[in-house]
Amino acid sequence: MPVAASACASACTRSRGRVAPRYGLAATTITRRPHTDAILCGLSRSPERLGVWGPSRGPHPGGSKDAVRGRGLPERRGGVGGDGRRVQGEREGPHGAGSAGDGHGRARQALQDGQAIVSHAARCRLYVGLALLAKLGATPALAADYAGPLVDAHSHVPNATAIDAYVAAMKRHNVTRIVLLAVGGVQKDDAAWIAAAARKYPDRVAPGQPLPDPTAAAAATRLDGELGKSGARAIGEVHIRQVSRKIDRNPADPAFVKVLEVAAKHKTPVVIHDELTAEAAKALEAALAAVPSATIVLAHGGESTPEVLEGLLARHPNLAVDLSGMHFQRTPALATEKGPLDPAWKALLVKRPDRFLIGIDVWAARLFEPAMLDRLMTWTRRILGELPPEVAERVAHRNAAALYRLE
């Protein structure tokens, strides 16, 4: 690998009678000997070959620990420090220089020279290991943020004026459109606020059609008339199952099936909040099968797992998933504010890039503070940047533009 080879070459070429740079370790003067460079980089075929994992017998606990710590066997016995020099207080032995033990002194010097080579080889292995870690482990964290256009496929407003702060943030972060949805009948003024926002910012706001009581007998008839006038690009957010509000509706209820038929007639997707359990997933599948021409968008990933969603998406081509509200302020989250995209979610997005939409899901007034909007939009771009470019483009804006007829 070029990075590892470069690190190894850089470390080893300093061994020709010069002081090796510290890089956090003490410097060592090394004298070049035959085949030293090969030994230092683990390229020698001799029985004493030193590789990335230590001696030639391959990866083993002792070798790997020594490589990380930069210590050879003599060092572990207390003879020399990590820089190849003798540890302070180590005894010189019975013979001093110029004594009757000169032969032993020369042997001891040769041993120290060999230990210096081993110490430098350990550092060489450390450099190679760090280079490999940088190459293999740091790449996702260093990926560039996604820089293309964004469509926020799922957000709300808490009042009539909050849209102004949101549009200002859209301009700062190249968010081209927002699909503005109702909050499942919780806010009685949703319809008026959404309509006013769409009138004020027609090139920014794609309005959703509120449907506060989706299983009412008259819901489908009322929806049919409203869609003909409102020009809504989505229906919802429709609350099917939300534990915190004690809402538990059956999406296969005959009244809601009629709603799906009206949605299919107007080619308008239905965005549902449905916190999936095994039983809730079965009911959702029944609704999807009942009206295959209607598109259901499962908000917040159904608060489910990639494994469950993969099966649903494979069986039902009329299901899409929005990733709204899965940011660092919520649970479950795709990632923490600074951490990497969850690997299981990343794998599913790469596998089915045409079935997912990104959404920020602002609602509470505190989320409309400029600093918070900046954090949320920066986070969104960061996690999209971890995806392959063509996948990021789809999830960021192309899927939403096609589904909600924004182009």
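The values are calculated or read from the model by the stated rules, or taken from the named source; none is laboratory data. Keep in mind that this is a model prediction, so the values were computed, not measured. Here the Cβ positions follow ideal geometry from the backbone for every residue, glycine too, while neighbour counts run over all protein chains shown.
Residues in segment 303-312 include at least one that is in contact with a strand residue (DSSP E or B) (Cβ under 9 Å, 6 or more places away or on another chain) and either among the aliphatic types (A, V, I, L, M) or within 16 Å of residue 377 (Cβ to Cβ) (or both). Against the list (1) assigned to a strand (DSSP E or B); (2) within 22 Å of residue 170 (Cβ to Cβ); (3) not charged (D, E, K, R), the condition residue 202 fails is (1). The single condition from (1) closer than 14 Å to residue 173 by Cβ; (2) of a type in the set (Lys, Arg); (3) in a loop (DSSP other than H, G, I, E, B) that residue 405 fails is (1).
For segment 341-392, taking the residues that are free of Cβ contacts under 8 Å to residues at least 40 places away in the same chain and assigned to a loop (DSSP other than H, G, I, E, B), the one that is surrounded by the most Cβ atoms within 10 Å (Cβ to Cβ) is identified as 342.
Scanning segment 352-381 for residues that are over 29 Å from residue 296 (Cβ atoms) and not β-branched (Val, Ile, Thr) returns 365, 366, 369, 370, 371, 372, 374, 375.
Do we have any residue at all in segment 238-251 that's among the aliphatic types (A, V, I, L, M) and surrounded by fewer than 17 Cβ atoms within 10 Å (Cβ to Cβ)? Yes - at least one qualifying residue is present in segment 238-251. The set of residues from segment 308-337 being basic (Lys, Arg) and at pLDDT 95 or above comprises just one member, 315. Filtering 299, 290, 281 for residues that are at negative phi, of a type in the set (A, V, I, L, M) and either crowded, with 20+ Cβ neighbours inside 10 Å or not assigned by TED's automatic domain parsing to the domain that holds residue 332 (or both) leaves a single hit, 299.
Residues in segment 225-237 that are at pLDDT 95 or above and exposed (fewer than 15 other Cβ atoms within 10 Å of the Cβ): 225 only. Among the residues examined, residue 338 qualifies as farther than 19 Å from residue 283 by Cβ, out of contact with any strand residue (DSSP E or B) (no Cβ under 8 Å at 6 or more places or on another chain) and not in a helix (DSSP H, G or I).
Residues of segment 213-229 that are in a helix (DSSP H, G or I) and of a type in the set (Gly, Ala, Ser): 219, 220, 225, 228. In segment 185-212, how many are free of Cβ contacts under 8 Å to residues at least 60 places away in the same chain and out of contact with any Pro (no Cβ under 9 Å at 6 or more places or on another chain)? Of the residues in segment 185-212, 15 are free of Cβ contacts under 8 Å to residues at least 60 places away in the same chain and out of contact with any Pro (no Cβ under 9 Å at 6 or more places or on another chain).
Residue-wise test of (1) within 20 Å of residue 144 (Cα to Cα); (2) out of contact with any Leu (no Cβ under 9 Å at 6 or more places or on another chain).
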{"position": "363", "(1), (2)": "no, yes"}
{"position": "374", "(1), (2)": "yes, yes"}
{"position": "380", "(1), (2)": "yes, no"}
{"position": "392", "(1), (2)": "yes, no"}
{"position": "399", "(1), (2)": "no, no"}
{"position": "405", "(1), (2)": "no, yes"}
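Residues in segment 243-260 that are in a loop (DSSP other than H, G, I, E, B) and under 34 Å from the mean Cα position of the chain (by Cα): 246, 249, 250, 251.
Of the residues 182, 191, the single one that is at pLDDT 95 or above, buried (at least 17 other Cβ atoms within 10 Å of the Cβ) and not in a loop (DSSP other than H, G, I, E, B) is 191.
The number of residues in segment 164-180 being touching a residue at least 40 places away in the same chain (Cβ under 8 Å) and within 21 Å of residue 405 (Cβ to Cβ) comes to 4. Considering the conditions (1) closer than 23 Å to residue 209 by Cα; (2) not in a helix (DSSP H, G or I), residue 263 is excluded by exactly one of them, (2). Applying the set (1) within 30 Å of residue 172 (Cβ to Cβ); (2) not in a loop (DSSP other than H, G, I, E, B) to residue 232 leaves exactly one unmet item: (2).
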